[in-house]
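Peer 1: Handing you this structure, nothing more for now.
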Amino acid sequence: MLNNRELGAKYEQMAISYLEGIGMKIICKNFRCKIGEIDIIALDEHYTVFIEVKYRTDLKKGDPSEAINYFKQRIISKVASFYLLKNKLSEYTPCRFDAIVILKDQIRHIKNAFDAV
């Protein structure tokens, strides 16, 4: 039986394989700072994409996308701003916030899942 961290790593790796398969270049995984964490940061053509991965084994707790609530979006937005600053990228860098939601082993990619909050 996998613990939560191992389970999360398994599904993040599944998401990375999917993203690479559609041509995205992974530049960072599990980017952390004091504010929080972004699961995956990738390049999609000229966009820097900040990606949240959520998984569920069933719908008892709702669709995985429902876990990316306003509070979570706000944290991801702040961490993304810090990432841009830390890496000396312009505030005008084209960015996007995507979600990879996994239900059992079905992957759904939601581009532009939310706007910066």
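Rule-based calculations on the coordinates, nothing more; no lab input. Model, not experiment: these values are computed from the prediction. Heads up, the Cβs are rebuilt from the backbone with ideal geometry, glycines too, and the neighbour counts pull from every protein chain shown.
Peer 1: Applying the selection to segment 87-97, what residues are within 30 Å of G62 (Cβ to Cβ) and touching a helix residue (DSSP H, G or I) at 6+ places or on another chain (Cβ under 9 Å)?
Peer 2: Within segment 87-97, C95, F97 meet the criteria.
Peer 1: Sticking with this structure for a sec: From the set of residues in segment 83-113 that are surrounded by 12 or more Cβ atoms within 10 Å (Cβ to Cβ) and part of a helix (DSSP H, G or I), which is nearest to the chain's Cα centre (by Cα)?
Peer 2: Filtering segment 83-113 for residues that are surrounded by 12 or more Cβ atoms within 10 Å (Cβ to Cβ) and part of a helix (DSSP H, G or I), the one nearest to the chain's Cα centre (by Cα) comes out as Y83.
Peer 1: Still on this model: Restricting attention to segment 38-50, which residues are loosely packed, with under 13 Cβ neighbours inside 10 Å and touching a residue at least 24 places away in the same chain (Cβ under 8 Å)?
Peer 2: Result: H46, single match.
Peer 1: Checking R56 against (1) surrounded by 18 or more Cβ atoms within 10 Å (Cβ to Cβ); (2) under 13 Å from D98 (Cα atoms), which test does it fail?
Peer 2: Against the list (1) surrounded by 18 or more Cβ atoms within 10 Å (Cβ to Cβ); (2) under 13 Å from D98 (Cα atoms), R56 comes up short only on (2).
Peer 1: Same structure, new question: Only one of V53, V79 is under 17 Å from G8 (Cβ atoms), among the hydrophobic types (A, V, I, L, M, F, W, C) and either without any contact (Cβ under 8 Å) to a residue 12 or more places away in the chain or not in a strand (DSSP E or B) (or both); which?
Peer 2: None of the others qualify; the one that does is V79.
Peer 1: Filter segment 59-82 down to the residues that are among the hydrophobic types (A, V, I, L, M, F, W, C) and surrounded by 12 or more Cβ atoms within 10 Å (Cβ to Cβ) and list them by number.
Peer 2: Passing the criteria: A67, I68, I75, I76, V79, A80, F82.
Peer 1: If you go through segment 26-37, how many residues are farther than 17 Å from L84 by Cβ and exposed (fewer than 13 other Cβ atoms within 10 Å of the Cβ)?
Peer 2: Looking only at that region, the number is 1.
Peer 1: Which members of segment 9-24 meet the condition of being surrounded by 12 or more Cβ atoms within 10 Å (Cβ to Cβ) and either aromatic (F, W, Y) or over 23 Å from F71 (Cα atoms) (or both)?
Peer 2: K10, Y11, Q13, M14, I16, Y18, L19, E20, M24
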